[in-house]
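Encoded as structure tokens, the structure appears first; notes follow it.
The values are calculated or read from the model by the stated rules, or taken from the named source; none is laboratory data. Being a predicted model, the structure only gives us computed values, none of them experimental. Neighbour counts are summed over all protein chains in view; Cβ atoms, including those assigned to glycine, are modelled from backbone coordinates with ideal geometry. The accessibility values were calculated without ligands, DNA or RNA, using every heavy atom of the protein model including side chains. Shrake-Rupley method; radii C 1.70, N 1.55, O 1.52, S 1.80 Å.
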Amino acid sequence: MKKFINFAVLFFCTVYSSIVSGQNTKTNPEITLFLKDNACLSTLHFPKSVIRFYTRNDTEYAWVNVANKPDQSEAAVLLLEYSYRFGLSLSDYYRDVVSLEKLRKLGSISAGADMKGQAMFDILMTDALITFINNLHFGKYNPSYSPSYIDTNYINKFRSDDVLQKAKNDGDFVKSVLEVQPKIKAYKDFQNYLNIFYSESHCTETQAGLEKIIMNMERLRWISIQNTPYILINIPSYTLEFHQKDKTYDFKVIIGKPSSKTPLLESSVNYFTTAPDWKVPQDIFVKEMLPKILKNSRYLADHHYTIYDEYGNEVVTVLSKLSEIRRNPYRYSVRQSSGYDNALGAVVFRFPNSYGVYLHDTSQKQLFNKNERAFSHGCIRIENAKELASLLLKNDGAENNIPVLEAAMKDYKRKDFVLKHPVPIITVYLTCLIKDGKPFFYEDIYHLDPSLENKFSLNK
């Protein structure tokens, strides 16, 4: 249900003060009364943020009858009216109540003549701007943070009422507000495209294409990592980008099958290891590998696998033991030693996460020749893994270790390379990107678009 605030209802929520005369014309007791009325506050999107904002300003007007900064108030209203240019919906910002026309009308009324109307407008405009700031920064449908959580907490040192206060104090209000947008290059590309789209009448983007752009801008607002360098893996495009301050390096990747999806996550690569061995995930061992072992007595030796019991002891796979393993497979585990045919290839990049996934080289390099590369069990395989490892060392100020890296990969010798400055890594799901100034659309391989599209359609 859309939050449309009817002025008549709001008037009944407040009690007109009998002590209006003699008050400072900037301070409106109606604002104070409203902020103490829970029923009225429940009509706002971010009531706690609104209270904090007015409390620090002694419940003075923020937008109406502000003699020293009238242009700022008009700029703020225009920013809301142009919210569609940022892929947001005007319906979220009281578009039938907060307008430039009403701001000017209320501002022309003498102080105290319509204190209720002025106070209600001022409060709704504040809530609209706080909502706009939160939507720009966190998105509207953020899966990690609900509106009530955002309203209550500092999240990565961010709070919208702080931003709004700073913007009011700064010389350029609009610039200060728009600074809250994501700094990710893909987002900037989307925003630049929208600016051109709404400024040039000859743009021919379809409504469906425009909605796809807006939906993927929303996804990028869910990301907290903003500064370079960072690694961004986009699942639908099967790509990895290593973003540095002045340059971006592109790599092909293989991602998880629809039945074993690569998760969306944020973390940091803190080290990588050459010549890794591979502890086979239990489900892969039981469901995929064990049938092959039972069928072919040479399978383990041919692929350099070793079976271990629950105590970590190596198991000799005689026929009787294989029968025991088949009856109780979850008591056993499998490891693959390092080498040219190891599933992790010559190097694996580690980053903490709750999914048990990682980024790694692969022995099946021929798969990178395919356009669609959803083949893994959830981990990400990267083409030219040595190049990424070298770039990470260079970024870490350890360029002199690159020959050591190359030798260890060539000879399959295990060595850990710990980064002094871990590099953020993000996996995202963008079914559209801007390439050379034009939208490029990707297949929705995990079928994640419809649920988000439905939320946007309900918000119209």
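Pairs are defined by a Cβ separation below 7 Å, a sequence spacing of at least 6 or placement on different chains, a first member in region 282-300 that is within 13 Å of residue 319 (Cα to Cα), and a second member that is open to solvent by 60 Å² or more (accessible area, probe 1.4 Å) and not in a loop (DSSP other than H, G, I, E, B); the pairs so defined are 294/326. Checking each residue in region 221-236 for being at pLDDT 95 or above, more than 20 Å from residue 380 (Cα to Cα) and out of contact with any His (no Cβ under 9 Å at 6 or more places or on another chain) picks out only 222.
Looking across region 86-118, the residues that are at pLDDT 90 or above and among the aliphatic types (A, V, I, L, M) come down to 88, 90, 97, 98, 100, 103. Taking residues in region 48-59 that are open to solvent by 20 Å² or more (accessible area, probe 1.4 Å), and partners anywhere that are not in a helix (DSSP H, G or I), the pairs with Cβ atoms closer than 9 Å and at least 6 places apart or on different chains are 52/159; 58/26; 58/27; 59/27; 59/28.
Evaluated against (1) of a type in the set (Ser, Thr, Tyr); (2) at pLDDT 90 or above; (3) part of a loop (DSSP other than H, G, I, E, B); (4) surrounded by fewer than 20 Cβ atoms within 10 Å (Cβ to Cβ), residue 297 falls short on exactly one condition, (2).
Quick check: anything in region 95-114 open to solvent by less than 10 Å² (accessible area, probe 1.4 Å), closer than 20 Å to residue 160 by Cβ, assigned to a helix (DSSP H, G or I) and not small (Gly, Ala, Ser)? Taking every residue of region 95-114 in turn, none turns out to be open to solvent by less than 10 Å² (accessible area, probe 1.4 Å), closer than 20 Å to residue 160 by Cβ, assigned to a helix (DSSP H, G or I) and not small (Gly, Ala, Ser).
For region 258-276, a residue qualifies if it is in contact (Cβ under 8 Å) with a residue 60 or more places away in the chain and open to solvent by 60 Å² or more (accessible area, probe 1.4 Å), and the qualifying residues are 258, 261, 264, 266, 271. Condition check: outside any helix (DSSP H, G or I) and open to solvent by 10 Å² or more (accessible area, probe 1.4 Å). Does residue 140 satisfy that? Here the answer is yes, as residue 140 does meet what is asked.
Taken over region 65-94, the criterion of being in contact with a helix residue (DSSP H, G or I) (Cβ under 8 Å, 6 or more places away or on another chain), at negative phi and in a loop (DSSP other than H, G, I, E, B) is satisfied by 66, 69, 88, 89.
Might you let me know whether region 404-424 holds any residue that is within 24 Å of residue 264 (Cβ to Cβ), touching a strand residue (DSSP E or B) at 6+ places or on another chain (Cβ under 9 Å) and of a type in the set (Asp, Glu)? No: region 404-424 contains no residue that is within 24 Å of residue 264 (Cβ to Cβ), touching a strand residue (DSSP E or B) at 6+ places or on another chain (Cβ under 9 Å) and of a type in the set (Asp, Glu). Being at pLDDT 95 or above and either of a type in the set (A, V, I, L, M, F, W, C) or outside any helix (DSSP H, G or I) (or both) is the filter here; which residues of region 158-172 pass it? Correct list: 158, 159, 163, 164, 167. Filtered by the rule that a residue be polar (S, T, N, Q) and open to solvent by 70 Å² or more (accessible area, probe 1.4 Å), region 143-157 gives 144, 148, 156.
Conditions (1) open to solvent by less than 40 Å² (accessible area, probe 1.4 Å); (2) over 22 Å from residue 439 (Cβ atoms), marked per residue:
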residue: 174; (1), (2): no, yes
residue: 180; (1), (2): yes, yes
residue: 183; (1), (2): no, no
residue: 186; (1), (2): yes, no
residue: 199; (1), (2): no, no
residue: 208; (1), (2): no, no
residue: 222; (1), (2): no, no
residue: 228; (1), (2): no, yes
residue: 240; (1), (2): yes, no
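If the condition is being more than 17 Å from residue 167 (Cα to Cα) and of a type in the set (Ser, Thr, Tyr), then region 38-61 contributes 42, 43, 59. Taking the listed residues 320, 338, 354, the one that is small (Gly, Ala, Ser), surrounded by fewer than 19 Cβ atoms within 10 Å (Cβ to Cβ) and assigned to a loop (DSSP other than H, G, I, E, B) is 354, with no other qualifying.
Among the residues of region 36-64, just one is on the phi > 0 side of the Ramachandran plot and in contact with a helix residue (DSSP H, G or I) (Cβ under 6 Å, 6 or more places away or on another chain), namely 59. Residues of region 60-90 that are polar (S, T, N, Q), open to solvent by less than 20 Å² (accessible area, probe 1.4 Å) and under 24 Å from residue 196 (Cβ atoms): 83 alone. Of all residues in region 357-410, those satisfying the criterion of being assigned to a loop (DSSP other than H, G, I, E, B), more than 24 Å from residue 228 (Cβ to Cβ), open to solvent by less than 20 Å² (accessible area, probe 1.4 Å) and touching a residue at least 60 places away in the same chain (Cβ under 8 Å) are 362, 373, 378. Within region 425-459, restricting attention to residues that are touching a residue at least 12 places away in the same chain (Cβ under 8 Å) and of a type in the set (Ser, Thr, Tyr), which residue is nearest to residue 265 (Cα to Cα)? Across region 425-459, the extreme among qualifying residues is 427.
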